[in-house]
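Single-structure report; data block below.
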Amino acid sequence: MKALSSHIGERPVGSDGNRKATDLFKEELTFLGWNTQTQEFNALDWNAKSAELSVNGESFEVFVSPYSLGCSVTAPIAEVASLKDLEKSDFKGKIILLHGEIAKEQLMSKNFVFYNPSHHRKTVSLLENSGALALACATGRNASLAGGVNPFPLIEDGDFDIPSVYMTEEEGVKLSKNIGKEATLISKSERIRAKAYNVVGKKGDDSNKRIVITAHIDSKKGSPGAIDNATGVVVQLLLAELLKDYKGDKQIEIVALNGEDYYSTPGQMNYIEANKDNFDNILLNINIDGAGYITGETTFSFFNTSEKIYKKASKVLREFSEIIEGPQWPQGDHSIFVQNGVPAIAITSKWLLDNHDQDITHTKRDNISIIDCSRLVDVSLALNSFIRNL
Ligand SMILES: [Zn+2]
């Protein structure tokens, strides 16, 4: 936990920290005797220095949208609060202030395929065809889509090429008094081409009976990602140690997926592509994301598991008083398996399920001080016993 969330710290895909984390994971798995492979892919790292927005000498506090292009433009400000506003006007050569209704939910990135509602896709496509030079987005907080950050970046997409910044709703209200006036936006932001990889460790030969244990190893930029998701990676490594002499008839696969918190989920896409003809061989996915919060139980949630698997898991849960069955939740890598017809168990902290408006994940506050490491030991012991009983 210290190595990942304190020493390495932020681990966004393509960054130096991300590379260190995947190197560490690979070394540990190999050391524990797992047959280890990597799946490499291209990714963008991002370096944002600062942004300034001003109108007639009055300046507004703005932040560079993650993975945005930089800019230096002076242009009149127009405002957009709804899809209708966006459809009806011409924004050629303007800076658009996006606020109100249209800025309530973080827009899903263009190449994010798992959840991308039509009003998001429509907004993005209208913006791309609007002729706008830059966007200033005024937002509040929306923890279910953007984690605990306030304001949240409305746009976080390395495939979207209109430069953008974001600001609080209060700054947006101040800026909205300047519609039609000339504004100057200078944003220093840089996209950096990089490589990253998933790590896959295997034990056992029968690739027709796979149990795939996943956790995402990346974090949001600016967050040490302790509960999201160093804890999942630590559970995987503890389990790799507990299972190092595993001689059962299944093939156990431990996968550090690289990209759950990244706009285009490249590691997940890579894993899906590599397995597109082999999902049938996976008996069960176990995904750990958000486990180990300092208070409350750990939850195991079940997705299309057979009666047999459910009974075996329930028996193990009864031996651990602080692990309970939880409701289904969709925002994690288990959804990839469920969508491909594979039963899954998703493991997280009850506290996260109960507190949708929490202000911890994706921020600096997601650090080791909110973790109870004994819970990670419990989860790995429970999984070891469950897997050996299957
Ligand atoms: Zn996560």
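The values are calculated or read from the model by the stated rules, or taken from the named source; none is laboratory data. Since this is a predicted model, take the numbers as computed values, not measurements. Neighbour counts are summed over all protein chains in view; Cβ atoms, including those assigned to glycine, are modelled from backbone coordinates with ideal geometry. Side chains are part of the model used for accessible areas, which takes the heavy atoms of the whole protein and leaves out ligands, DNA and RNA. Shrake-Rupley method; radii C 1.70, N 1.55, O 1.52, S 1.80 Å.
One residue stands out in the range 342-375 among those that are touching a strand residue (DSSP E or B) at 6+ places or on another chain (Cβ under 8 Å) and among the polar types (S, T, N, Q): the one that is surrounded by the fewest Cβ atoms within 10 Å (Cβ to Cβ), namely Ser349. Asn111 passes every criterion in (1) among the polar types (S, T, N, Q); (2) open to solvent by 30 Å² or more (accessible area, probe 1.4 Å); (3) not in a loop (DSSP other than H, G, I, E, B) apart from (3). Given the residues Asp249, Asp277, which is the only one that is charged (D, E, K, R), without any contact (Cβ under 8 Å) to a residue 12 or more places away in the chain, over 30 Å from Lys49 (Cβ atoms) and open to solvent by 40 Å² or more (accessible area, probe 1.4 Å)? Only one candidate qualifies: Asp277. Selection of first residues in the range 294-308 that are of a type in the set (Phe, Trp, Tyr) and of second residues that are open to solvent by 30 Å² or more (accessible area, probe 1.4 Å) and in a strand (DSSP E or B), restricted to Cβ pairs under 9 Å at least 6 apart or on distinct chains, gives the following pairs, ordered by first then second residue: Phe300/Ile324; Phe300/Glu325; Phe302/Glu325. So, of the residues in the range 171-226 that are of a type in the set (Val, Ile, Thr) and in contact with a Lys or Arg (Cβ under 7 Å, 6 or more places away or on another chain), which turns out to be farthest from the ligand (Cβ to nearest atom)? Residue satisfying both the conditions and the ranking: Ile211.
Residue-by-condition table, conditions (1) under 30 Å from Gly158 (Cβ atoms); (2) out of contact with any Ser or Thr (no Cβ under 8 Å at 6 or more places or on another chain):
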position	(1), (2)
Glu260	yes, yes
Ser264	yes, no
Ala274	yes, yes
Phe279	yes, yes
Leu283	no, yes
Lys308	no, yes
Leu317	no, yes
Ile336	yes, yes
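Does Ser385 count as open to solvent by 10 Å² or more (accessible area, probe 1.4 Å) and either out of contact with any strand residue (DSSP E or B) (no Cβ under 6 Å at 6 or more places or on another chain) or at pLDDT 95 or above (or both)? Yes: the conditions hold for Ser385. Scanning the range 280-299 for residues that are open to solvent by less than 60 Å² (accessible area, probe 1.4 Å) and over 21 Å from Arg365 (Cβ atoms) gives Asn281, Ile282, Leu284, Asn285, Ile286, Asn287, Thr299. For the range 71-107, the tally of residues that are open to solvent by 30 Å² or more (accessible area, probe 1.4 Å) and touching a Pro at 6+ places or on another chain (Cβ under 6 Å) stands at 1. Of the helices (runs of 4 or more DSSP H) lying entirely inside the range 248-349, the ones with 2 or more residues being small (Gly, Ala, Ser) and under 24 Å from the mean Cα position of the chain (by Cα) are found at 266-274.
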